[in-house]
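Please read the structure below before turning to the comments.
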Amino acid sequence: MRQGGESKAPLVSSGENPPTAYRREPTYQGMVKERDVYVPMRDGVKLCIDVYRPEAPDKFPALLAFAIYNKDLQGPDMADAVPPQPAWTPLWTGPMEAGDTKFFVSRGYVHVIGSPRGIGKSEGGSSREWDCYDLIEWIAIQPWCDGNVGMVGISGFGAEQLAVAKKQPPHLKAIFPFDSRGAYGEFGGFRDEYPGGVVHLFRYLVGHFSAMHQNRGAPGALPPEREKFWQEAMNNPDYKIYPHVYNLIAQKGQHMPPFFNLLIDPYDNEAAVKKSEAKFDAIKVPTYTGSGWYGYTYKTHLNGCQHWYRNIKAPKKLMLAGPAHVERPFHSFHNEILRWHDHWLKGLDTGIMNEPPVKFWVMGANEWRTACDWPLPETQWTKLYLSSWERLSPTPLEPASVDEVQAPDVFVQMPPTQTGAIQKLRYITDPLPQDVLVAGPAVLTLHAAIDQDDTNWIVVLKDVGPDVSVLTVREGEREIPKNLPERELTRGWLKASNRAIDANRSLPGRPWHPLTREARKSVVPGEINEYQIEILSTANLFRRGHRICLEITCLDLPTGVAGATNAEYVPYHICSSKTVMHKIYHDLKRPSHLLLPVIPNG
């Protein structure tokens with residue numbers, strides 16, 4: 001399993017920075033700063049950019065950071081004012097993502113930071129479809145550029161890299177889109193950001209509350225089909241219990257238009273998926289993508305990078321980093337970025353293409369490992385069965401035995417208009433007799449009935465322990481101790497009405513739900529249905545004596561007041577406005593089970 005890496009394990013390892021011996025020292029001391037440079041696009045609209053380059057007469061390769069975020073939040077001056085902040089600090093600011101200008105410039109690159117039309121100081125009007133392409137080609141012919149252009153930056157800056165790569169600008173030689181958005185749709189798409197079709201409020205929370213309509217005039221009419229969708233949204237009781245969300249819908253697209261569009265039409269689009277599938281082969285530029293395990297909270301980064309990696313045919317690499325969001329201003333794993341661009345833009349022998357293409361951080365072990373593909377080819381798909389007394393067991397159910405019929409487990413959830421208590425079922429293994437490495441996506445196959453026409457399934461995978469206890473009849477040994485340490489690893493989501501499966505697109509560990517309006521199936525109350533719930537990828541070493549834990553619920557809640565959260569990238573989901581009874585079946589005819597990607601000899 002362990003390929004490459006250091007000959008001796010480091011004393012302390014960082015989930016933000018994979019180990020590398022590549023340390024090219026800075027060679028340029030001075031920096032030329034050209035701010036607010038206006039660059040004409042093919043239709044005459046001018047983009048406003050900043051150019052930072054070595055103070056030397058030579059020509060250099062350029063690294064472009066381009067996104068919808070204001071360029072004035074980036075660059076070396078902001079990094080001086082706000083030195084890198086860990087994700088748990090109050091001044092961590094997501095959009096500061098263009099990269100460490102001083103690092104790149106001092107090592108012989110021009111760092112160009114800009115935004116498309118209509119953003120910041122860039123002029124507006126018409127379509128921005130070709131802005132990044134035109135900017136790359138403009139950069140390549142500047143007197144300070146040697147004609148080689150790469151791209152850097154994460155999240156929004158990563159999404160732009162993959163979007164322009166499809167257009168194949170001649171001078172673009174390599175990209176490093178870490179924390180990119182989803183792969184199925186322009187700049188993101190529905191399914192990677194809302195797996196299972198369960199709507200969360202991340203895109204709303206990074207905006208702001210819209211308590212006042214402001215002076216925009218009365219909302220106008222929408223096209224007939226969208227007017228119908230809007231009326232449905234206005235009458236949706238699940239939206240009405242979130243007044244700040246309902247107020248946005250009432251403004252009919254005048255506030256936060258992209259999120260409004262999602263709320264009135266929360267479905268995927270088959271045509272958009274097919275269009276994305278047809279364009280994967282258009283990406284011919286070498287691509288290094290990835291995300292951190294924290295990306296499971298709002299999904300798009302963690303889902304997107306894996307889908308990009310699987311579908312791109314060009315030279316490619318994947319890095320799955322530690323459990324916390326990387327620091328802002330972004331400056332993590334810059335030596336890895338340097339290795340990549342030194343290879344493709346400067347032609348240096350960095351060794352980066354001689355090592356396994358996948359790096360991933362293993363929680364529990366707190367170390368980096370490598371692999372030849374993702375998911376790992378040696379994966380042993382292992383079933384753990386839901387059993388009575390909320391146990392998770394490796395023992396298959398037996399025919400012609402008491403396993404044939406078992407009473408279901410039940411939980412009832414009232415809506416957040418009535419309670420702040422989250423009800424759940426918790427299935428847990430015995431203490432593990434040996435270390436178990438789980439790496440990749442997982443699936444919960446659930447046989448269940450509800451007493452309403454829909455619900456959200458939310459499942460949580462946890463590492464619990466260590467636990468040396470045993471369950472006996474003796475006093476003090478009848479229950480699993482309440483104070484065991486536990487770590488949440490990842491989650492999965494599925495709206496019950498989105499349970500339809502596309503078998504042709506499904507992969508091991510990854511059921512494909514169409515998530516379209518046409519594929520939606522309301523639940524018949526009381527009917528037992530099968531639900532295949534993808535649990536987003538993780539990598540964790542469950543140590544000997546620990547327990548694997550699966551929780552099943554249907555609700556999460558804001559962590560702040562008035563619908564706010566205390567961390568924008570841990571959003572909550574729109575839940576049912578009704579009280580819902582959930583029955584979970586686990587018998588021979590309905591063998592609910594967890595399918596885990598176990599790595600042998602982990």
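The values are calculated or read from the model by the stated rules, or taken from the named source; none is laboratory data. All values derive from a computational prediction rather than experimental measurement. Counting neighbours? That spans all protein chains shown, and the Cβs are built from the backbone with ideal geometry, glycine included.
Before moving on, here are some points about what is shown:
- Of residues in the stretch 10-63 being among the hydrophobic types (A, V, I, L, M, F, W, C) and out of contact with any strand residue (DSSP E or B) (no Cβ under 7 Å at 6 or more places or on another chain), the one modelled with the lowest pLDDT: 11
Residue-by-condition table, conditions (1) outside the structural domain of residue 573 (by TED's automatic domain parsing); (2) free of Cβ contacts under 8 Å to residues at least 60 places away in the same chain; (3) more than 11 Å from the chain's Cα centre (by Cα); (4) under 26 Å from residue 79 (Cα atoms):
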| site | (1), (2), (3), (4) |
| --- | --- |
| 290 | yes, no, no, yes |
| 301 | yes, no, no, yes |
| 308 | yes, no, yes, no |
| 319 | yes, no, yes, yes |
| 331 | yes, no, yes, yes |
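- Pairs where the first residue, in the stretch 85-108, is in contact (Cβ under 8 Å) with a residue 12 or more places away in the chain and in the same structural domain as residue 176 (by TED's automatic domain parsing) and the second is in a helix (DSSP H, G or I) and of a type in the set (Lys, Arg), C-beta under 9 Å, 6+ apart: 98/71
- Qualifying residue in the stretch 16-29 (condition: acidic (Asp, Glu), assigned by TED's automatic domain parsing to the domain that holds residue 77 and out of contact with any Leu (no Cβ under 8 Å at 6 or more places or on another chain)): no
- For the stretch 285-317, the set of residues classified as of a type in the set (Ser, Thr, Tyr), assigned to a helix (DSSP H, G or I) and under 21 Å from residue 339 (Cα atoms) consists of 309 only.
- Any hit, the stretch 210-225, residues being of a type outside the set (A, V, I, L, M) and either closer than 30 Å to residue 333 by Cα or within 27 Å of the chain's Cα centre (by Cα) (or both): yes
- Hits in the stretch 253-284 (condition: of a type in the set (D, E, K, R) and part of a helix (DSSP H, G or I)): 270, 274, 275, 277, 279, 281
- Of the residues making up the stretch 157-188, those that are acidic (Asp, Glu) and farther than 19 Å from residue 138 by Cβ are 179, 186.
- Just one of the numbered conditions (1) farther than 29 Å from residue 159 by Cβ; (2) buried (at least 18 other Cβ atoms within 10 Å of the Cβ); (3) among the β-branched types (Val, Ile, Thr) is not true of residue 12: (2).
- Residue list for the stretch 530-547, filter: loosely packed, with under 15 Cβ neighbours inside 10 Å and under 19 Å from residue 582 (Cα atoms): 530
- Hits in the stretch 548-578 (condition: surrounded by fewer than 17 Cβ atoms within 10 Å (Cβ to Cβ), of a type in the set (A, V, I, L, M) and under 14 Å from residue 422 (Cα atoms)): 557
- Pairs meeting the criteria (first residue in the stretch 204-231 and modelled with pLDDT of 90 or more, second residue part of a loop (DSSP other than H, G, I, E, B) and exposed (fewer than 10 other Cβ atoms within 10 Å of the Cβ), beta carbons under 9 Å, at least 6 apart or on different chains) are 227/221.
- Identity of the residue in the stretch 161-199, among the basic types (Lys, Arg) and touching a strand residue (DSSP E or B) at 6+ places or on another chain (Cβ under 9 Å), that ends up surrounded by the fewest Cβ atoms within 10 Å (Cβ to Cβ): 173
- Of the strands (runs of 3 or more DSSP E) lying entirely inside the stretch 455-552, the ones with 2 or more residues being touching a helix residue (DSSP H, G or I) at 6+ places or on another chain (Cβ under 9 Å) and either more than 22 Å from residue 590 (Cβ to Cβ) or assigned by TED's automatic domain parsing to the domain that holds residue 237 (or both) are found at 486-495, 529-542.
- Of the strands (runs of 3 or more DSSP E) lying entirely inside the stretch 354-410, those containing at least 1 residues that are closer than 19 Å to residue 548 by Cβ are 358-362, 380-387, 391-393.
- Identity of the residue in the stretch 18-65, β-branched (Val, Ile, Thr) and part of a loop (DSSP other than H, G, I, E, B), that ends up surrounded by the most Cβ atoms within 10 Å (Cβ to Cβ): 45
- Those residues of the stretch 403-459 which are out of contact with any Cys (no Cβ under 8 Å at 6 or more places or on another chain) and among the β-branched types (Val, Ile, Thr), in sequence order: 405, 410, 412, 417, 419, 422, 436, 438, 443, 445, 450, 459
- Members of the stretch 134-188 that are acidic (Asp, Glu), assigned to a helix (DSSP H, G or I), modelled with pLDDT of 95 or more and over 17 Å from residue 111 (Cβ atoms): 134, 137
- Among residues that are in the same structural domain as residue 427 (by TED's automatic domain parsing) and not in a loop (DSSP other than H, G, I, E, B), residue 342 is not included.
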